[in-house]
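**Q** This structure is in structure tokens; I'll ask about it shortly.
The values are calculated or read from the model by the stated rules, or taken from the named source; none is laboratory data. Here the structure is a predicted model, which means the values were calculated and not measured. When we count neighbours, we look across all protein chains shown, and the Cβ atoms used for this are built from the backbone with ideal geometry, even at glycine. Just the protein is used for accessible areas: all its heavy atoms, side chains included, with ligands, DNA and RNA removed. Shrake-Rupley method; radii C 1.70, N 1.55, O 1.52, S 1.80 Å.
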Amino acid sequence: MPDQLKPTSTLYLVATPIGNLEDISFRALRVLKEADLIACEDTRHTAKLLRHYGIATPRESHHEHNEASHTRRLLDLLRQGKNIALVSDAGTPLLSDPGYSLVRACRQEGFNVVPIPGPSAAISALTASGLPTESFLFAGFLPPKKGLRRNRLQEIAGVPATLIFYEAPHRLLAALEDLCEILGRDRRASPAN
């Protein structure tokens with residue numbers, strides 16, 4: 001596409017606080033104020049952050065259950081010259097949260113995609129763990145079913161790096177049992193909350 005026809009709209013990937021509302025950058029606040037729309041994993045959750053900082057930007061839900069259809073709507077808005085901020089409930093968007101298909105589509109159409117760095121639960125947990133940080137694998141959520149979870153752990157058991165997993169509280173004990181059995185009881189671990 002010729003340069004003069006390239007879209008000028010931007011999708012901002014805005015990291016949000018993972019527990020303390022003060023853990024947000026000035027740049028993130030500016031982008032949230034100036035965007036034409038904020039696409040949120042959960043509008044009610046994001047409303048608390050926006051109220052705290054007096055931000056009145058319109059917001060819409062963008063979550064795993066509406067991602068396909070809502071991605072089309074957001075692309076239409078970008079084509080109209082609108083700027084959109086994508087946020088998850090906490091931390092950096094796309095890390096075990098929706099947004100991948102939207103970013104991929106924006107890249108394919110030539111829209112600007114700009115990350116606004118900030119909190120990340122995985123990186124925060126890693127740096128506070130006391131485990132080696134020079135090489136790590138973020139493995140996201142393990143599969144909830146035991147057989148699939150154990151298969152996934154066997155696939156990555158030989159990775160010579162610190163492994164980072166997310167896990168739901170109600171599945172934590174079962175996951176820890178599988179981790180111990182497959183990765184070894186002598187492998188150092190550090191649970192974070």
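**Q** Go through ASN66, ASN83 for me and flag whichever is over 16 Å from the mean Cα position of the chain (by Cα) and surrounded by 14 or more Cβ atoms within 10 Å (Cβ to Cβ).
**A** Working: ASN66 fails: surrounded by 14 or more Cβ atoms within 10 Å (Cβ to Cβ).
Answer to the check: ASN83.
**Q** Listed residues ASP186, ASP178; which is assigned to a helix (DSSP H, G or I) and either charged (D, E, K, R) or on the phi > 0 side of the Ramachandran plot (or both)? Please lay out each step first, then the result.
**A** Details: ASP186 fails: assigned to a helix (DSSP H, G or I).
Answer to the selection: ASP178.
**Q** For the condition within 28 Å of LEU183 (Cα to Cα) and either free of Cβ contacts under 8 Å to residues at least 60 places away in the same chain or charged (D, E, K, R) (or both), what is the one hit in LYS82, LYS145? Walk me through it before giving the result.
**A** Working: LYS82 fails: within 28 Å of LEU183 (Cα to Cα).
Answer to the selection: LYS145.
**Q** Please verify whether the stretch 128-136 includes one or more residues that are touching a residue at least 24 places away in the same chain (Cβ under 8 Å), closer than 30 Å to LEU173 by Cβ, of a type in the set (Ser, Thr, Tyr) and surrounded by fewer than 15 Cβ atoms within 10 Å (Cβ to Cβ).
**A** First, pick out the residues of the stretch 128-136 that are touching a residue at least 24 places away in the same chain (Cβ under 8 Å): 128-133, 135-136.
When the remaining residues are screened for being closer than 30 Å to LEU173 by Cβ, the result is 128-133, 135-136.
Adding the requirement that they be of a type in the set (Ser, Thr, Tyr) leaves 129, 133, 135.
Still in the running and surrounded by fewer than 15 Cβ atoms within 10 Å (Cβ to Cβ): 133, 135.
Yes.
**Q** Look through the stretch 82-95, keep the residues that are in a loop (DSSP other than H, G, I, E, B) and either at pLDDT 95 or above or touching a Phe, Trp or Tyr at 6+ places or on another chain (Cβ under 8 Å) (or both), and return whichever of them is farthest from LYS33 (Cα to Cα). Before you say what the answer is, go through the steps one by one.
**A** Within the stretch 82-95, the subset in a loop (DSSP other than H, G, I, E, B) is 82-83, 88-90, 92-95.
Narrowing the set further to residues that are either at pLDDT 95 or above or touching a Phe, Trp or Tyr at 6+ places or on another chain (Cβ under 8 Å) (or both) leaves 82-83, 94-95.
Values: LYS82: 13, ASN83: 11, LEU94: 21, LEU95: 23 Å.
Once the filter is applied, the top-ranked residue is LEU95.
**Q** Of the residues GLY99, GLY140, GLY91, GLY110, which is touching a residue at least 12 places away in the same chain (Cβ under 8 Å) and in contact with a Lys or Arg (Cβ under 6 Å, 6 or more places away or on another chain)?
**A** Details: GLY99 fails: in contact with a Lys or Arg (Cβ under 6 Å, 6 or more places away or on another chain); GLY140 fails: in contact with a Lys or Arg (Cβ under 6 Å, 6 or more places away or on another chain); GLY91 fails: in contact with a Lys or Arg (Cβ under 6 Å, 6 or more places away or on another chain).
It is GLY110.
**Q** One residue is enough: does the stretch 159-169 have a residue meeting the conditions touching a strand residue (DSSP E or B) at 6+ places or on another chain (Cβ under 9 Å), among the acidic types (Asp, Glu), free of Cβ contacts under 8 Å to residues at least 40 places away in the same chain and open to solvent by less than 80 Å² (accessible area, probe 1.4 Å)?
**A** Kept after step one, since they are touching a strand residue (DSSP E or B) at 6+ places or on another chain (Cβ under 9 Å), are these residues of the stretch 159-169: 159, 161-168.
Remaining after also requiring among the acidic types (Asp, Glu): 167.
If we keep only those that are free of Cβ contacts under 8 Å to residues at least 40 places away in the same chain as well, we get 167.
The next check asks that each one be open to solvent by less than 80 Å² (accessible area, probe 1.4 Å); those that pass are 167.
Yes.
**Q** Restricting the search to the stretch 32-59, which residues are within 17 Å of the chain's Cα centre (by Cα), under 21 Å from VAL103 (Cα atoms) and not hydroxyl-bearing (Ser, Thr, Tyr)? Full working, then the answer.
**A** Our first condition is that a residue be within 17 Å of the chain's Cα centre (by Cα); within the stretch 32-59, this holds for 32, 38-43, 45-46, 49.
Okay, now just the ones that are also under 21 Å from VAL103 (Cα atoms), so 32, 38-43, 46.
Matches in the stretch 32-59: LEU32, ILE38, ALA39, CYS40, GLU41, ASP42.
**Q** Only one of these is under 19 Å from ILE116 (Cβ atoms), polar (S, T, N, Q) and either open to solvent by less than 10 Å² (accessible area, probe 1.4 Å) or in contact with a helix residue (DSSP H, G or I) (Cβ under 8 Å, 6 or more places away or on another chain) (or both): SER61, SER25, SER88, SER96. Name it. Steps first, please.
**A** Working: SER61 fails: under 19 Å from ILE116 (Cβ atoms); SER25 fails: either open to solvent by less than 10 Å² (accessible area, probe 1.4 Å) or in contact with a helix residue (DSSP H, G or I) (Cβ under 8 Å, 6 or more places away or on another chain) (or both); SER96 fails: either open to solvent by less than 10 Å² (accessible area, probe 1.4 Å) or in contact with a helix residue (DSSP H, G or I) (Cβ under 8 Å, 6 or more places away or on another chain) (or both).
When all the criteria are applied, what remains is SER88.
**Q** Further, regarding this structure: Counting only residues that are in contact (Cβ under 8 Å) with a residue 12 or more places away in the chain and assigned to a loop (DSSP other than H, G, I, E, B), which one in the stretch 41-55 is surrounded by the fewest Cβ atoms within 10 Å (Cβ to Cβ)? First the steps, then the outcome.
**A** Restricting attention to the stretch 41-55, the residues satisfying the condition of being in contact (Cβ under 8 Å) with a residue 12 or more places away in the chain are 41-43, 45-50, 52-53, 55.
With assigned to a loop (DSSP other than H, G, I, E, B) added as a condition, the list becomes 41-42, 53, 55.
Numbers: GLU41: 20, ASP42: 14, TYR53: 12, ILE55: 19.
Applying the filter and picking the extreme gives TYR53.
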